[in-house]
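Enquirer: One structure follows; several queries about it will come next.
The values are calculated or read from the model by the stated rules, or taken from the named source; none is laboratory data. Values in this document were obtained by computation on a predicted structure and should not be read as measured data. Reconstructed Cβ throughout: ideal geometry from the backbone, glycine too, with neighbour counts over all protein chains shown. Just the protein is used for accessible areas: all its heavy atoms, side chains included, with ligands, DNA and RNA removed. Shrake-Rupley method; radii C 1.70, N 1.55, O 1.52, S 1.80 Å.
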Amino acid sequence: MKTEPNPPQNPASTVQPVPMLDLKRQYQPLHQELLNALGQVLATQQFILGEPVAAFEKAAAAQLGVAHAIGCSSGTDALWLALAAAEIGSGHAVVTTPFSFFASTSAILRAGTTPLLADIDPATFNLNPVAVEAVLNGPQGAAVRAILPVHLFGQCADWASFTRIAKERNLKLIEDAAQAWGAECNGLKAGALGDAAAFSFYPTKNLSAAGDAGMVTTNSGEIAERARMMRQHGMRRRYYHDELGWNARMDGFQGAILSVKLRYIDTWNQLRRTVARRYHALFHAAGLVEAGPYPIHGIVLPQEVRGTHHVWHQYVIRATCRDGLRAFLTERKIGSEIYYPVPLHLQAALKSLGYSEGSFPEAERAAREVLALPIFPELREDEQQTVVSAITEFLS
Ligand SMILES: Cc1ncc(COP(=O)(O)O)c(C=O)c1O
């Protein structure tokens with residue numbers, strides 16, 4: 001039999017593509033369950049708040065072990081609502097991290113409050129309590145009413161230290177738990193740690209809606225009552241506006257979808273932990289791992305801090321030649337992402353905060369070195385091997 005000669009192959013075309021995230025793999029087995037839930041909303045025509053959202057709020061609060069959960073329109077609105085409900089506003093300041101998504105800081109400004117930034121811990125990328133204390137002891141420290149740590153990439157910030165600092169100085173703690181559904185610190189779930197917390201259910205989050213949605217959680221009846229009022233234009237009684245709130249309501253469709261997914265999130269988080277463990281093992285076997293916190297020739301792996309339960313929303317390595325590595329992976333159709341390429345103090349929109357290059361060396365260094373690799377519950381072992389082989393090839 002006559003065979004065609006093989007066409008010349010470039011090495012990139014022989015490698016299987018690996019997506020950064022493939023939401024279809026989560027959706028397919030849930031297809032019918034989700035359609036049924038959406039059908040219920042259509043049948044009752046409760047499109048905004050109503051029973052579908054109330055049911056999700058109840059189940060979410062029970063799962064997190066927190067007294068109150070208030071569904072809202074996005075994680076950004078949840079941050080603003082949490083601050084407004086905790087009565088943090090004009091004339092106050094809030095300390096947060098420069099290494100996060102923009103909303104962690106923009107929501108503070110939206111609440112009429114001044115953000116003060118403090119540098120991060122290079123090992124976890126989370127807000128560093130020592131740096132926070134330096135800000136509190138500084139010239140603007142007296143105006144600070146709250147600390148807003150972010151549980152970045154799915155791992156809780158150093159809550160024992162922040163609790164101590166907050167107690168000593170009578171400050172509120174607001175969690176940005178947008179990336180951390182199911183994460184824990186010393187046996188308590190993210191969302192139940194601070195005075196109030198904000199979650200995002202943006203479609204790429206580990207617990208995700210089919211559009212924008214978010215949630216405030218709190219153990220304070222007073223904060224919960226205010227958050228419910230503020231998410232509906234400051235109304236306690238229909239068309240009587242006690243305060244200047246906003247439209248920050250959750251849609252019924254999102255509540256219905258989230259109620260379905262809430263039943264699976266623990267399993268998905270466990271699978272994420274399996275994926276992270278496999279990356280660890282594969283990278284160690286490849287001999288690429290350096291002790292850190294900074295890489296020299298190889299890579300530094302993310303670590304789970306003792307006493308925390310990491311849900312691996314992202315698996316973020318550090319690499320010295322990060323941009324070259326990313327280009328190499330992209331050429332091989334292997335997904336990756338940079339969270340975050342520009343720290344918040346260097347963002348054009350936040351120039352007025354008065355920081356400059358060099359203000360937060362750890363955040364700036366992280367922005368140059370971090371690379372998030374594909375991670376999601378359904379990611380296969382052979383796909384992870386492809387990722388690790390490509391990185392090995394690039395570094396050798
Ligand atoms: C850390 C962090 N905070 C806040 C947000 C804002 O959430 P959303 O996009 O739902 O407004 C996000 C998500 O994008 C986030 O990752």
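Enquirer: Would you mind working out the magnitude of the charge dipole of the chain relative to its Cα centre, with +1 at each Lys and Arg C-beta and -1 at each Asp and Glu C-beta, to the nearest 20 Debye?
Expert: Working: 35 positive and 37 negative charges, 102 e Å.
For this selection, approximately 500 debye.
Enquirer: Length gain on complete extension for the stretch Lys58 to Arg278, per 0.36 nm per residue less the alpha carbon to alpha carbon distance?
Expert: Numbers: separation 220, 0.36 × 220 = 79.20 nm, distance 3.48 nm.
Gain in length upon complete extension: 75.7 nm.
Enquirer: Quick check: at a probe of 1.4 Å, how many percent of the accessible area of the chain sits on carbon and sulfur atoms? Before the final figure, lay out each step's value.
Expert: Numbers: 9330 of 17450 Å².
Ligands and nucleic acids excluded, carbon and sulfur reach 53 percent.
Enquirer: Convex hull over the Cα atoms of the range 211-281, averaged projected area in nm²? Could you put the intermediate results ahead of the total?
Expert: Details: hull surface 28.6 nm².
Approximately 7.1 nm², given one-decimal rounding.
Enquirer: Oh, and also: Roll a 1.4 Å probe over the protein chains and send me the accessible area per residue for the chain in Å².
Expert: Working: 17450 Å² over 396 residues.
Here the per-residue accessible area is 44 Å².
Enquirer: Using a basic spin-label model with each label point 7 Å from the Cα along Cα→Cβ, how many nm lie between Asn247 and Leu35?
Expert: 3.1
Enquirer: Okay, moving on. Mind checking which of Ala366, Ile257, Leu79 is farthest towards the positive end of the chain's charge dipole, using Cβ charges of +1 (Lys, Arg) and -1 (Asp, Glu) about the Cα centre?
Expert: Ile257
Enquirer: Now a separate question. Below 8 Å, C-alpha to C-alpha, sequence gap of six or more: please give me the relative contact order for the chain in percent. Numbers along the way, then the final one.
Expert: Details: 822 pairs, mean separation 86.7, N = 396.
With pairs under 8 Å counted, the relative contact order is 22 percent.
Enquirer: Something else now. Just how far, in whole angstrom, is the range 117-140 from the range 255-304 if you go by their alpha carbon centroids?
Expert: 26
Enquirer: What order do Trp181, Trp80 take when sorted by accessible area (1.4 Å probe), most exposed first? Mind dumping the intermediate values first?
Expert: Working: Trp181 5, Trp80 30 Å².
Listed by decreasing accessible area, they come as Trp80, Trp181.
Enquirer: Still on this structure: Write down the percent of antiparallel bridges among all DSSP beta bridges whose residues are both part of the chain, to the nearest 5.
Expert: Details: 25 of 41 bridges.
About 60 percent, rounded to the nearest 5.
Enquirer: Report the label-to-label distance for Leu188 and Glu222 in nanometres (one decimal), using points 7 Å from each Cα along the Cα→Cβ vector.
Expert: Label at Leu188, label at Glu222, 1.8 nm between them.
Enquirer: Which value in Å is the Kirkwood Rh of the range 319-396 over different Cα pairs? Please report the intermediate quantities before stating the final value.
Expert: Values: mean 1/r = 0.0703 Å⁻¹.
Value: 14.2 Å, from the Cα pair sum.
Enquirer: May I pose another question? Can you compute the helix-only [θ] at 222 nm over the chain? Use -39500 (n - 2.57) per DSSP H run of at least 4 residues, normalise by all residues, nearest 500 deg cm²/dmol.
Expert: Details: 12 runs with 151 residues, N = 396.
The helix-only estimate for the chain comes to -12000 deg cm²/dmol at 222 nm.
Enquirer: How far apart, in nanometres, would the label points at Ser389 and Val342 be if each is projected 7 angstrom from Cα along the Cα-to-Cβ direction?
Expert: In this crude spin-label approximation the distance works out to 3.8 nm.
Enquirer: Which stretch or stretches of the range 273-316 have amide N atoms under 18 Å from the point lying 7 Å from Gln16's Cα along the Cα→Cβ direction?
Expert: Under cut-off, by backbone N: 275-276, 278-279, 282-283.
Enquirer: Now for a different question. Give the calculated FRET efficiency between Arg25 and Glu290 to the nearest 0.05, with a Förster radius of 35 Å applied to their Cβ-Cβ distance.
Expert: Working: r = 32 Å, r/R0 = 0.92.
The calculated FRET efficiency here is 0.60.
Enquirer: Return the whole-Å distance between the Cα centroid of the range 45-102 and the Cα centroid of the range 154-173.
Expert: Cα centroid to Cα centroid, the span is 19 Å.
Enquirer: Please work out the ratio of the alpha-carbon Rg of the chain to 2.2 N^0.38 Å and round it to two decimals.
Expert: Working: Rg = 22.1 Å, N = 396, 2.2 N^0.38 = 21.4 Å.
Computed over Cα atoms of the chain, the ratio equals 1.03.
Enquirer: Lys pairs in the chain, Cα-Cα under 20 Å, at least 8 apart or on separate chains: how many?
Expert: 10
Enquirer: What are the residues whose amide H is under 5 Å from the amide H of Leu116, where those residues sit 5 or more places off or on another chain and H is modelled from the backbone?
Expert: The answer is Val94, Val95, Thr96.
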